[in-house]
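Novice: Would you mind keeping the following structure in view while I ask a few things?
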Amino acid sequence: LLNGYTDKYKDKPKEVLLAMMNDSTLGPFKIAAAVKVFKEQFASQTVSAEKNFFEKILIRLLSHEDSPFVQVEVMHTLVILDRYRYFKVMVPRLIEKMDHYNDVVCDMAYDNLTALTHTSTSRTREARIIFNTLRKILFLSRNKLQYVQEPDEKLQKKLDLLFWTIKVLGTQELKQLPPEIIRLL
């Protein structure tokens, strides 16, 4: 449904997408599709004056919209608009969305995170944020992980992100992980 609306809105101008993001009567899939089209076509090209305006709209949308589909798209768009300001705040929330009960939300969060890591020039600041967030999550679930022989899909996605951070930060970071995780890596 989300991909269908995204295809339908891909030719819309920036002003129409903005109006759709501000329209509270639209359904969550339509709003998420409008944010996604804006992110893909216009977010990397916005300049300073426009950027502040769009950031305010997206932050308002994030605080008022309960749909996880919209939240995931808005968080990723904010990071694209201003990577330095929003990476530390939004990426841990995106990582938390990888544990959502809806598999589509999990996949969207993972795809957005991998897109951020691929566009990163191996920045240690960003890798440190992802590493610390994943380390906290994995430490909290280490009792459950000691019985895992083969990681499921959600855990494998977390391990993939963790592996990327170790490539950027170095293998000395393995000392900070619980032994249950090292066995799965």
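Novice: Filter segment 1-25 for residues that are surrounded by fewer than 13 Cβ atoms within 10 Å (Cβ to Cβ), over 17 Å from ILE59 (Cα atoms) and of a type in the set (S, T, N, Q) and give the result.
Specialist: Those that are surrounded by fewer than 13 Cβ atoms within 10 Å (Cβ to Cβ), over 17 Å from ILE59 (Cα atoms) and of a type in the set (S, T, N, Q): ASN3, THR25.
Novice: I've got another one for you. Residue pairs, Cβ under 8 Å, 6 or more apart or interchain, first in segment 51-79 and in a helix (DSSP H, G or I), second open to solvent by 10 Å² or more (accessible area, probe 1.4 Å) and among the β-branched types (Val, Ile, Thr). List them.
Specialist: Close Cβ pairs satisfying both conditions: PHE54/THR46; PHE69/VAL104; LEU78/ILE59.
Novice: Out of segment 37-50, which residues are part of a helix (DSSP H, G or I) and open to solvent by 40 Å² or more (accessible area, probe 1.4 Å)?
Specialist: Answer for segment 37-50, where residues must be part of a helix (DSSP H, G or I) and open to solvent by 40 Å² or more (accessible area, probe 1.4 Å): GLU40, GLN41, SER44, GLN45, SER48, ALA49, GLU50.
Novice: Report yes if PRO28 is open to solvent by 40 Å² or more (accessible area, probe 1.4 Å) and over 19 Å from MET108 (Cα atoms), otherwise no.
Specialist: no
Yes/no matrix, rows are residues, columns are (1) assigned to a helix (DSSP H, G or I); (2) in contact (Cβ under 8 Å) with a residue 60 or more places away in the chain:
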| residue | (1), (2) |
| --- | --- |
| ASN143 | yes, no |
| VAL148 | no, no |
| LYS158 | yes, yes |
| THR165 | yes, no |
| VAL168 | yes, no |
| LEU174 | yes, no |
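Novice: A further question follows. For THR25, work out the one condition from (1) without any contact (Cβ under 8 Å) to a residue 12 or more places away in the chain; (2) assigned to a helix (DSSP H, G or I) it doesn't fulfil.
Specialist: Here THR25 clears every test but (2).
Residue-by-condition table, conditions (1) surrounded by 12 or more Cβ atoms within 10 Å (Cβ to Cβ); (2) farther than 20 Å from HIS76 by Cβ:
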residue: HIS118; (1), (2): no, no
residue: THR121; (1), (2): no, no
residue: ILE129; (1), (2): yes, no
residue: LEU134; (1), (2): yes, no
residue: PHE139; (1), (2): yes, yes
residue: LEU159; (1), (2): yes, yes
residue: GLU173; (1), (2): yes, yes
residue: LEU177; (1), (2): yes, yes
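Novice: From the set of residues in segment 53-101 that are under 19 Å from THR124 (Cα atoms) and hydroxyl-bearing (Ser, Thr, Tyr), which is most open to solvent (accessible area, probe 1.4 Å)?
Specialist: The extreme case among them is TYR84.
The values are calculated or read from the model by the stated rules, or taken from the named source; none is laboratory data. Fair warning: this is a prediction, and the values are worked out from it, not measured in the lab. When we count neighbours, we look across all protein chains shown, and the Cβ atoms used for this are built from the backbone with ideal geometry, even at glycine. What goes into the accessible areas is simple: the full protein's heavy atoms, side chains included, and nothing from ligands, DNA or RNA. Shrake-Rupley method; radii C 1.70, N 1.55, O 1.52, S 1.80 Å.
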